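Data block below; observations after.
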Amino acid sequence: MARDTTDNQPIEHHAQLIEWMSVGCKPKSEWRIGTEHEKFGFCMQNHSPVPYAGERGIEAILKILQRESGWEAIEDEGNIIGLFNPTEGGAISLEPGGQFELSGAPLETVHQTCRESNQHLAQVKKIAEELGIGFLGLGGSPLWTFDETPMMPKSRYNIMKRYMPKVGSQGHDMMFRTCTIQVNLDFSDERDMVRKLQTSLKLQPMASALFANSPFTEGKPNGLLSWRSDIWRDVDNQRSGLHAFMLQDDFGFEAYAEWALDVPMYFIIRDGKYHDCTHVTFRQFMNGALKGEVEDHHANIGDWGNHLSTLFPDVRLKRFLEMRGADGGPWHGICALPAFWVGLLYDSDALDAAEALVAEWDFEMVDALRNEVPTRGLQAEIGGKSLLSFAKDAIAISSKGLQARNNLNDDGLDEAAFLIPLEDAVSTGKTPAETMLDKFNGEWNGDISKVFEEYAF
């Protein structure tokens, strides 16, 4: 999420929590595509991580970007931590370890979102290269230890860093040493939301396999294809991952709200200051648990929106759906991920076919697949068949869905052209990570520094 928000409207009744999400319902003509991607900054001279401060730091990049773009600065206690486009939407933000994120504007076609990412990368690359900085498209930090990784001056991250070791073993790695590509998609009504969420939740491990791109840790192969996906298996399982209730027949806005109410909070914001609230759930907060701790202890709508942004299920529900399964990757992956999900979920025939493809997959099957994918990728199995065979079917469905949308670029190509990297992966049966490992064990001669040359933007 690019920035935390404030909305002081008091929460006076439970229905407001559900209404906050249901505001996202909109007609198909208003459905949009919001693509987010993160990338690792590195110093070109020695491949070390980029600090926040200094003439050759993240802060310097943000300030130059602000001058050139005219976007508004997002600040936290006097530090610039992001930029916001006040006219078209979209934002630039920082993940805890300096991962540089573009949260794209809501756009109509994959062509537009791909063009947006390309323009952003070109602009950032030009500024960064003059400072001796490059950016890397991977799902996991390939070289640096946790201690070597800088921490960005963002208040919520101080709270998260303290809290993470209490609830899981890999929270710090998630925060500081992973990158992702995500796409945010709309729904027409509650039923449409449920169909899209449940279908995509079952398919999230497939996306993790197709985009597996984090096989190195601290300079060596880590025995995984998607280290990032493995990390998410033990971050904070109360608020993260796969949850059985989301696949039940009675799932909807209310069920999600009830779950969210009983997840511990991270913070509330009062007068620009972040207050650590990890000791209470949102339900307890609504019932007065912070009375005596914070002057304004009453829950408001902004608190609810911020709380929902700190939940990390594999598909997150806010006023849209967030697809959260993919590793970060190169430019073509930034375009392929929205294409994959838009093709499956935005065409009615494709959604019917995708729903049918996974109809027999229950929670236990998907959970087992989710646990197997980080190591085996497309060779993982579900229902007695390889994930690879299902991925071929899913990509074919997505392609038909994109063709049916019939959004053409200037060369007359529809959005299905962006699926080519995924079609290549299923034709070879190899994830991007396996291709990278082949290079590491072959032409790179075990030299991890080559990744900074070949996988930089």
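Only the coordinates and a few stated rules stand behind these numbers; no lab work does. Given the structure is predicted, the values throughout are model-derived calculations rather than measurements. We place every Cβ from the backbone using ideal geometry, glycine too, and count neighbours over all the protein chains shown.
Once you order the gyration tensor axes a ≥ b ≥ c over the Cα atoms, which shape class does the chain get: rounded for a/c under 1.5, otherwise prolate or oblate by comparing a/b with b/c?
Details: a/c = 1.39, a/b = 1.07, b/c = 1.29.
Rounded is the answer for the chain, as its axis ratio a/c remains below 1.5.
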Under a point spin-label approximation (7 Å from Cα along Cα-to-Cβ), what is the ASP250-ALA404 distance to one decimal in nm? 3.2 nm
Amide proton proximity set for SER188, modelled H, under 5 Å, gap of 5+: LYS26, MET193
As a check on your grasp of the helix formula, calculate [θ] at 222 nm for the chain: sum -39500 (n - 2.57) over DSSP H runs of n ≥ 4, divide by the residue count, round to the nearest 500. -12500 deg cm²/dmol
Could you list, in their original order, any pairs among LYS202/LYS439; LYS126/LYS161; LYS126/LYS450 whose Cα atoms are separated by more than 30 Å? LYS202/LYS439; LYS126/LYS161
Cys with no candidate disulfide partner in the chain (beta-carbon separation under 4.7 Å rule): CYS25, CYS43, CYS179, CYS277
Report the relative contact order of the chain, percent, no decimals, based on alpha-carbon pairs under 8 angstrom and at least 6 residues apart. 21 percent
In order through region 347-352: 3J(HN,Hα) via Karplus (6.51 cos²θ - 1.76 cosθ + 1.60), integer Hz, x for Gly, Pro: 10, 5, 5, 5, 5, 4
Give me a comma-separated list of calculated 3J(HN,Hα) values for region 440-453, in order, Karplus coefficients 6.51, -1.76, 1.60 applied at θ = phi - 60°, integers in Hz, x for any Gly or Pro. 4, 7, x, 5, 7, 6, x, 9, 5, 4, 5, 5, 6, 8
Name the long-range amide H neighbours of ILE74: under 5 Å, sequence gap of 5 or more, or other chain; modelled H, no Pro or chain starts. ILE81, GLY82, LEU83, PHE84
Got a sec? Which residues in region 211-229 would a label at THR145 touch, if it sits 7 Å along Cα→Cβ and we count backbone N under 15 Å? 217-220
25 Å Cα-Cα threshold exceeded, pairs from LYS63/LYS273; LYS318/LYS385; LYS63/LYS125; LYS39/LYS63; LYS26/LYS318; LYS125/LYS392: LYS318/LYS385; LYS125/LYS392
DSSP beta bridges in the chain: the antiparallel percent, rounded to 5, is 90 percent
Checking the a/c ratio against 1.5 first, then a/b against b/c, what shape does the Cα gyration tensor give for region 264-326? prolate
Karplus ³J(HN,Hα) for region 301-310 (6.51 cos²θ - 1.76 cosθ + 1.60, θ = phi - 60°; Hz, whole; x = Gly/Pro) runs 4, x, 4, 5, x, 5, 4, 4, 6, 9
When a/c is below 1.5 the answer is rounded, else prolate if a/b is larger than b/c, else oblate, so apply that to region 59-203 with a ≥ b ≥ c taken from the square roots of the Cα gyration tensor eigenvalues. oblate
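Where the convex hull is taken over the Cα atoms of region 224-377, what is its projected area averaged over directions, in nm²? It would help to have the intermediate numbers written out before the result.
Numbers: hull surface 45.5 nm².
Answer in nm², one decimal: 11.4.
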